[in-house]
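A.B. asks: Please find one structure pasted underneath; my questions will follow.
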Amino acid sequence: MKAKVSFFILALQCSLCKAQFHTVSNGSNLYKIETVAEVPSGKLATAIIEPSNEREVCNAVSDKDEVREQLIAQYISVSYPLKNIRLNSNYGVRKDPFTGKPTKHNGIDLQAKDDEVYSMMQGRVKKVGRDKRSGNYVVLEYGNYTVSYCHLSKALVQKGDSVNAGDVVGISGSTGRSTGEHLHLTCKYKGKYVNPSILLDYVKETQAECLAQLKSIVV
Ligand SMILES: [Zn+2]
């Protein structure tokens, strides 16, 4: 979440950038945020002041601001479901922790202990419930995908709520058929179970791509 907050700050600072670039010096605090974006301090100011024509400078800054804002919006359009991702049990056939028999695990287990659980994208709360198997659970709908967050200690959303990426939808726990506290995540595409790792990969790739592009437009 810190990274997200930083990017909001970056967005805010970038919007100020256009008005302030004439007075920017390499030592300005305005670019302190660049350490987060892994950009050397002062590079932006140097790059945009170089052209001699002021209108060109303004246009260049404006275009860069627009692209930067789009990239930031894209970056925060996805979120990992937990602050730290550690896979405890993968999707597919495994030895059932209760019976010891080979059983298909319909999701992945992520290590979690009393942690906030985040929506991975913008979507809608399809269901909030409780049963013996999943314990307290929340089902979120993202277009053709539905994602279930299970064994929660509590749900913090209600059916029909709209959610954005990074919104807290519950707190992890060990309710239902669970041998210890973790987050069991399932994903369905058009009603069929798929490996939820594809969503984690999507988050990772989207954020990495945005960071790379952000870096390239300010260097
Ligand atoms: Zn599981």
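A.B. asks: Considering each residue of the range 166-219, count those that are out of contact with any Lys or Arg (no Cβ under 9 Å at 6 or more places or on another chain), away from the ligand (no atom under 12 Å from the Cβ), hydroxyl-bearing (S, T, Y) and in contact (Cβ under 8 Å) with a residue 12 or more places away in the chain, and give that number.
C.D. replies: The number of residues fulfilling the criteria is 4.
A.B. asks: Continuing with this model, one more query. Find all pairs meeting these conditions: Cβ atoms under 9 angstrom apart; at least six residues apart or on different chains; first residue within the range 66-90 and closer than 15 Å to C187 by Cβ and in the same structural domain as G173 (by TED's automatic domain parsing); second residue within 16 Å of the ligand (Cβ to nearest atom) and basic (K, R).
C.D. replies: Pairs that qualify, where the first residue is closer than 15 Å to C187 by Cβ and in the same structural domain as G173 (by TED's automatic domain parsing) and the partner is within 16 Å of the ligand (Cβ to nearest atom) and basic (K, R): there are none.
A.B. asks: What residue, of I198, I217, I171, is in a helix (DSSP H, G or I) and open to solvent by less than 50 Å² (accessible area, probe 1.4 Å)?
C.D. replies: I217
A.B. asks: Related question: Taking A73 as meeting all but one of (1) surrounded by 15 or more Cβ atoms within 10 Å (Cβ to Cβ); (2) within 16 Å of Y202 (Cα to Cα), write down the number of the exception.
C.D. replies: Condition (1) is where A73 drops out.
A.B. asks: Any idea which residue in the range 149-165 is nearest to the ligand (Cβ to nearest atom), counting only those that are open to solvent by 20 Å² or more (accessible area, probe 1.4 Å) and assigned to a strand (DSSP E or B)?
C.D. replies: Per the criteria, the residue is S153.
Table: residues versus (1) more than 16 Å from the chain's Cα centre (by Cα); (2) aliphatic (A, V, I, L, M); (3) modelled with pLDDT under 95; (4) under 17 Å from I198 (Cβ atoms).
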| position | (1), (2), (3), (4) |
| --- | --- |
| Y80 | no, no, no, yes |
| V125 | yes, yes, no, no |
| V128 | yes, yes, no, no |
| K132 | yes, no, no, no |
| Y137 | yes, no, no, no |
| S153 | yes, no, no, no |
| V157 | yes, yes, no, no |
| G160 | yes, no, no, no |
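The values are calculated or read from the model by the stated rules, or taken from the named source; none is laboratory data. All values derive from a computational prediction rather than experimental measurement. Here Cβ is always computed from backbone atoms with ideal geometry, including for glycine, and neighbour counts include all displayed protein chains. For accessibility, only protein heavy atoms count, side chains too; no ligands or nucleic acids. Shrake-Rupley method; radii C 1.70, N 1.55, O 1.52, S 1.80 Å.
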